[in-house]
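Every read-out reported here was derived from the displayed coordinates using simple, explicitly stated rules and does not represent laboratory data. Because the structure is a prediction, the values reported are computed rather than measured.
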Amino acid sequence: MRKGIIFIMLLSLLMSGCGAKNEPSTLKVAAAADLTLAFQEIGKRFEAKTGTPVVFSFGSTGQLAEQIENGAPFDVFAAANVQAIEKLTKEKLVVPETVHVYALGRIVIATKTKGAVQTLNDLLKDDIKKIAIANPDHAPYGVAAKQALQKAGIWEQVKPKIVYGKNIADTLAYVESGNAEAGIVALSLVKTSRSFHFQLINEAMHEPIQQAVAVMKATKHREAAKQFVAFLNSSEGREIMKKYGFSIPKEK
């Protein structure tokens, strides 16, 4: 009787182990905060097509890159600038042949009130008391915002009004909560929203926001990670990206 019970327990363990092997591996994707809405949709489509679930960690590109350098177990990194991926490539932390620029981002002036701000110079108005931008020390969209304000010749004048978000999603939260009357944020976060009014900033006002992606060398799911990057670069993936205001480099 005792031997029979042990045999059944062992058989159960073996069967559960086999089942675990057949379960799809969950991909862990580190992604710049401007990708939040677009990648949530891409993740659902990718899982529906491949059966592979995706878990995203959204944040500022600089902070995510630092986590990867410190051993964070991500399978894919989608950065908001190409420089972050280039740095990780030099450090031999990515699979070189998977690196490519997948999209170009745009920045806008976002407000809760229609017509409150039409141009960058309108940020000088007295009723615009706080202006939110992402921290340019580690957020590429913050760098672009600062460049645009400098090129407009108003950076020093608006500097006392500036509040810094940890990333571009955090920056938009300042505007949404009313803690800032205006924010310079990613088009991708407001294009499909009814909560904000926005004015597109001329892309000549800042360096191109070239967003790059790569598979991490330490991934245990390299083929699935490559599939995700391929889907992002597919016609279906590109259509989703364009829906949220990104342009595709080859189509520009």
How large is the Rg to Rh ratio of the chain when both quantities use alpha carbon positions and Rh follows Kirkwood? 1.11
Any lysines with Cα under 17 Å of the residue 243 Cα? List them, leaving off those in the same chain fewer than 8 positions away. 44, 191, 252
Helix 140-151 axis, angle to the chain major axis (alpha carbon atoms, nearest 10°): 10 degrees
Quick shape summary for the stretch 141-252, equivalent ellipsoid via Cα gyration tensor, semi-axes whole Å in descending order, reads 31, 16, 16
Hey, can you grab everything whose amide H is under 5 Å from the amide H of residue 106? Only 5+ residues off in sequence or another chain; H modelled, so Pro and N-termini drop out. 187, 188
Rg/Rg_ref, the stretch 105-205, where Rg_ref = 2.2 N^0.38 Å and atoms are Cα: 0.92
Helical mean residue ellipticity (222 nm; -39500 (n - 2.57) per DSSP H run of 4+; nearest 500) of the chain: -12500 deg cm²/dmol
